[in-house]
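*Asks:* Quick one: the structure is below, and I'll ask about it shortly.
Where a number appears in this text, it was derived from the coordinates with a stated rule and is not lab data. As the structure is a prediction and not an experimental result, all values here were calculated from the model. Please note: Cβ atoms are built from the backbone with ideal geometry, for glycine as well, and neighbour counts cover all protein chains shown.
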Amino acid sequence: MPALLLVLPAAAAAFWLAPPLSAQAKKTGSPETNLPPGITRLSGFGERAAWSPDDRRVAFMGKSFGDAFEIDLATRMTRLLTGHFPHRGFLRVQYLPNGDFFLIGASTFTDVRATRARDQEMWVMKPEASAPPTPLNHKISEGVAISRKGMRIAWSNTHGQYPDILPEGESALYTADVVYKDGVPELANKKEVLRARGPECTLEAQDFRNDDTELVYTCYRSPFADVLGVDLATGTVTTYRKLPDEYNEAEGVSPDGQWIFVESSREQGGPERQNSRYIDIWRLRLQPGSTDFVRMTRWGDYEGYKASNPVVSGDGRRLAFQSARNDEAAGVGHGIFVLTLK
């Protein structure tokens, strides 16, 4: 895979390297209508983008507890993926390496808080979307890590999904393979990787790196978060970024495994803004205790806005992310944008 290299025009470089605005000197208007060179709007609605294995399409959610969509980057045609069967709404859509869709959603709906924290399940759906998705018969907490190289996934669970397995306050990371038996997908080779106890740490899987030998994950210690990795063979944990009063949520890893894109509260203002509500996207070199940290978006220069949920394309050349509001729930987005990296 090519190394990730940020190359921007001079005007764009000046934009990115400008000194941060203080919380008292926010810009007026909207970052969505004042785009710098190198950023384009892909969709006027939607959240939680995901690149297809061939980088020709981007899947995304229309809204939380809604339908999944896919946009063709060549034609800009958008198609509805989940409109051919009844459902209770999905939170995430991603691609497996074989092109099948991986969906996260609940089969029942109680309310937003309980359903998101307790009832989310994993599903697989064929790309032609001629039949409803197949359940993998396993619950999940928040998001899933999917290998670029094989049918391996990683996820976390908490007491909320499995109170008989995980005591109150504990969370665990797992890996497994998605296999097909007579054409029907199911989980195999499930393995527990790591456990943690809150409030010191609640786990969420984010991405694989180094030929799937390491899983990068987020450790939430509310209201802050840290970027760590675990060696899947030895269980050794590496801390990549952990600062006492800074929110840093791991997101997509570059294809060469050298970088990760992070939702960070750095440069957002005083202590009251060091949480997930006030974030922009940064690029972190994956080295122990890394200080190589570069800001990629400046949505937070506009009062009320944040940029979130970055995912890097398979060729390492583009970053898809969403425009969001800092008074709404995590994951809620208002359109998909693409930043050209090189």
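*Asks:* Count neighbours as other Cβ atoms within 10 Å of each site's Cβ, and list the GluC sites (Glu not before Pro) in the stretch 121-208 that are DSSP loop with at most 12 such neighbours. Present the calculation step by step, with values, prior to reporting the outcome.
*Replies:* Details: sites: 121, 128, 142, 168, 170, 186, 192, 200, 204; in loops: 128, 168, 200.
Answer by residue number: 128, 168, 200.
*Asks:* So, in Å, what gap is there between the alpha-carbon centers of the stretch 63-99 and the stretch 185-210?
*Replies:* Here the answer is 25 Å between Cα centres.
*Asks:* With springs connecting C-alpha atoms under 10 Å apart, model the chain as a Gaussian network and identify which of 143, 198, 300 has the largest mean-square fluctuation.
*Replies:* 198
*Asks:* Something else now. Counting other beta carbons within 10 Å of each residue's own, what order do 212, 301 fall into, fewest first? Spell out each step's value before the answer.
*Replies:* Values: 212 16, 301 19.
Ranked by crowding around the Cβ, least crowded first: 212, 301.
*Asks:* Can I ask one more? What whole-number distance in Å separates the alpha-carbon centres of the stretch 236-300 and the stretch 129-165?
*Replies:* 25
*Asks:* So, one more: If you take Cα Rg over 2.2 N^0.38 Å from the coordinates, which of (i) 1.11; (ii) 0.94; (iii) 1.04 do you get?
*Replies:* Matching entry in (i) 1.11; (ii) 0.94; (iii) 1.04: (ii).
*Asks:* For the stretch 225-304, what relative contact order do you get, as a whole percent, if you take Cα pairs closer than 8 Å and at least 6 residues apart? Intermediate results must be reported in sequence, preceding the final value.
*Replies:* Working: 158 pairs, mean separation 18.4, N = 80.
In percent, rounded to a whole number, it is 23.
*Asks:* Within the stretch 221-245, list the residues whose amide N lies under 17 Å from a label point set 7 Å along Cα→Cβ of residue 189.
*Replies:* 231-235, by backbone N distance to the label point.
*Asks:* Further question on the same structure: Test of understanding: in a Gaussian network model of the chain with alpha carbons linked when under 10 Å, which of 230, 311, 184 would top the mean-square fluctuation ranking?
*Replies:* Residue with maximal mean-square fluctuation among 230, 311, 184: 184.
*Asks:* Counting pairs on different chains as well as pairs 8 or more places apart, how many Lys pairs in the chain have Cα atoms under 17 Å apart?
*Replies:* 7
*Asks:* Let me ask something else. Quick one: compute the contact order of the stretch 197-342, relative version, from alpha carbon pairs under 8 angstrom and 6+ residues apart, as a percent. Let's see the in-between values first.
*Replies:* Details: 372 pairs, mean separation 21.8, N = 146.
About 15 percent, as a whole number.
*Asks:* Over the C-alpha atoms of the stretch 166-241, what are the Rg and the largest Cα-to-Cα span, Dmax, in Å?
*Replies:* Answer for the stretch 166-241, Rg first and Dmax second: 14.0, 46 Å.
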